[in-house]
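Chemist: Next up is a structure, given as structure tokens.
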Amino acid sequence: MNRITELLGIQYPIFQGAMAQISRHQLVSAVSNAGGLGILASGGLTADEVRDEIRKTKALTDKPFAVNLMLMMDNVAEIVEVLIEEGVKIVTTGAGTPKPYMPRLKEAGVIVIPVIPSVKLALKMQELGCDAVVAEGMEAGGHIGEMTTMPLTRQVAAHLDIPVVCAGGIADGHGFVAATALGAEGVQMGTVFLAAEECPISAAYKQEILISVDTSTVVTGRKFGAPVRCLRNQLTTKYLELENQNISRHELEAMTMGALTRAVEDGDVDNGSLMAGQIAGLVSTIRPAKAIIEDVMTEAKAVLEHLSL
Ligand code: TUI
């Protein structure tokens with residue numbers, strides 16, 4: 001037991017990252033039923049779709065789960081009301097500050113855990129009354145910051161009084177122990193859950209994760225201050241070529257419009273956006289979410305036993 005498991009009433013301090021269009025009720029309920037924290041992604045959904053996902057999750061698990069607010073979306077206020085109406089107890093946030101929604105969430109007794117990419121933002125979140133933070137390094141998939149996981153996690157843990165969860169580059173017990181050694185009280189993993197049996201992505205996207213290696217990911221959109229990490233494919237190669245020329249952000253955005261849906265739903269691994277973190281090279285088997293979580297904990301114990309100074 002530590003502050004994270006106690007705060008959230010979960011068995012293991014393992015969060016499943018909220019992946020837009022992917023972290024739906026099937027995966028979320030499997031992770032929560034296995035003793036971790038399943039997190040529903042609201043990115044790209046309408047408030048009614050979020051309500052539907054919450055209800056479907058509740059029908060599949062009686063264990064704690066969370067909903068993630070993607071703060072770049074314009075329907076966040078509406079989603080916040082749905083979460084409160086549906087009695088959601090835990091909210092994580094990403095891609096911005098939850099400040100405007102804090103009074104409403106706290107008045108409703110919701111536990112708020114923002115994902116942050118720097119110590120400065122972590123301190124702000126603590127001041128705002130957040131309950132914990134997820135320090136996410138740029139090894140992660142999707143929308144990322146600039147700090148890498150190790151220096152970020154260590155410095156956030158050294159500066160904050162509230163608990164810290166570490167994300168970005170973790171997929172097994174070794175990563176879990178490393179995160180703990182840096183002062184984190186839990187981990188958040190996304191990429192390894194892409195290969196979960198219950199993860200509802202196309203078979204082709206899953207297969208690309210299984211065959212990827214350490215250097216398979218690239219970061220697009222750096223030039224526009226909106227970096228996104230994905231598996232390298234035809235789309236990212238073309239995007240990076242154009243990014244290096246004087247092409248407008250608008251034109252590039254048109255190219256990536258609907259790209260995540262193409263990967264997740266259509267299995268178009270050439271022209272889709274296959275968001276994944278740098279640890280994808282370690283993920284080589286499809287397992288149930290329960291096995292992923294139990295393997296992390298079993299391996300972490302073995303790693304700890306064999307550590308010596
Ligand atoms: O949010 C993420 N990762 C995501 S969101 C996403 S959806 C998307 N789809 C296509 C293009 C772009 C996004 C895919 N991946 N991770 C959490 C995260 N949050 N990383 C970085 C941050 C962050 C950044 C700025 C958190 C706070 C922040 O605050 C800035 C401010 O407003 O003060």
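Chemist: Take MET73 and tell me if it is part of a helix (DSSP H, G or I) and within 14 Å of the ligand (Cβ to nearest atom). First the steps, then the outcome.
Modeler: Values: part of a helix (DSSP H, G or I): no; within 14 Å of the ligand (Cβ to nearest atom): yes.
Criteria not met by MET73.
Chemist: Now a separate question. Condition (residue is aliphatic (A, V, I, L, M), closer than 16 Å to MET138 by Cα and in contact with a helix residue (DSSP H, G or I) (Cβ under 6 Å, 6 or more places away or on another chain)) applied to the stretch 219-229: is it met by at least one residue? Give the steps one after another, and end with the answer.
Modeler: Filtering the stretch 219-229 down to residues aliphatic (A, V, I, L, M) leaves 219, 226, 228.
Restricting the remaining residues to those that are closer than 16 Å to MET138 by Cα gives 219, 226, 228.
Adding the requirement that they be in contact with a helix residue (DSSP H, G or I) (Cβ under 6 Å, 6 or more places away or on another chain) leaves none.
Looking through the stretch 219-229, none of the residues is aliphatic (A, V, I, L, M), closer than 16 Å to MET138 by Cα and in contact with a helix residue (DSSP H, G or I) (Cβ under 6 Å, 6 or more places away or on another chain).
Chemist: Show the residue pairs that are 6+ apart or on different chains and have beta-carbon atoms under 6 Å apart, the first residue being within the stretch 165-189 and assigned by TED's automatic domain parsing to the domain that holds ARG287, the second being among the hydroxyl-bearing types (Ser, Thr, Tyr).
Modeler: CYS166/THR153; GLY168/THR149; GLY169/THR149; LEU182/THR153; ALA184/THR153
Chemist: Quick check on the stretch 230-261: of everything there that is within 16 Å of the ligand (Cβ to nearest atom) and hydroxyl-bearing (Ser, Thr, Tyr), which residue is nearest to GLY137 (Cα to Cα)?
Modeler: For the stretch 230-261, the residue satisfying everything is THR236.
Chemist: Now, a different point. Filter the stretch 118-132 for residues that are aliphatic (A, V, I, L, M) and part of a loop (DSSP other than H, G, I, E, B); which is most open to solvent (accessible area, probe 1.4 Å)?
Modeler: In the first step, residues of the stretch 118-132 are kept if they are aliphatic (A, V, I, L, M); the result is 119, 121-123, 125, 128, 132.
Among the residues that remain, those that are also part of a loop (DSSP other than H, G, I, E, B) are: 128, 132.
On the way: LEU128: 51, ALA132: 0 Å².
Ranking the candidates gives LEU128 first.
Chemist: Another one. Test LEU105 against the stated conditions and say whether it is open to solvent by less than 10 Å² (accessible area, probe 1.4 Å), part of a helix (DSSP H, G or I), more than 9 Å from the ligand (Cβ to nearest atom) and in contact (Cβ under 8 Å) with a residue 24 or more places away in the chain.
Modeler: On the way: open to solvent by less than 10 Å² (accessible area, probe 1.4 Å): yes; part of a helix (DSSP H, G or I): yes; more than 9 Å from the ligand (Cβ to nearest atom): yes; in contact (Cβ under 8 Å) with a residue 24 or more places away in the chain: yes.
Taking the combined requirement at face value, the residue satisfies it.
Chemist: Among what's in the stretch 8-52 and is part of a strand (DSSP E or B) and more than 16 Å from the ligand (Cβ to nearest atom), pick the residue that is surrounded by the most Cβ atoms within 10 Å (Cβ to Cβ). Quick ask: steps written out before the conclusion?
Modeler: Here is the first cut: in the stretch 8-52, the residues part of a strand (DSSP E or B) are 14-16, 37-41.
Still in the list and also more than 16 Å from the ligand (Cβ to nearest atom): 14, 38.
Values: ILE14: 28, GLY38: 31.
Looking at residues that are part of a strand (DSSP E or B) and more than 16 Å from the ligand (Cβ to nearest atom), I get GLY38.
Chemist: Restricting attention to the stretch 53-65, which residues are surrounded by 21 or more Cβ atoms within 10 Å (Cβ to Cβ) and either farther than 13 Å from HIS25 by Cβ or hydroxyl-bearing (Ser, Thr, Tyr) (or both)?
Modeler: Matches in the stretch 53-65: THR57 only.
Chemist: Report yes if some residue within the stretch 135-143 is modelled with pLDDT of 95 or more and over 18 Å from the mean Cα position of the chain (by Cα); otherwise report no.
Modeler: No, there is no match, as no residue in the stretch 135-143 is modelled with pLDDT of 95 or more and over 18 Å from the mean Cα position of the chain (by Cα).
The values are calculated or read from the model by the stated rules, or taken from the named source; none is laboratory data. In this text, all values refer to a predicted model and were calculated from it rather than measured experimentally. Cβ sites come from the backbone with ideal geometry, for glycine too, and all protein chains shown count toward neighbours. Note: accessible area is taken over every heavy atom of the protein model, side chains too, but ligands, DNA and RNA are not part of it. Shrake-Rupley method; radii C 1.70, N 1.55, O 1.52, S 1.80 Å.
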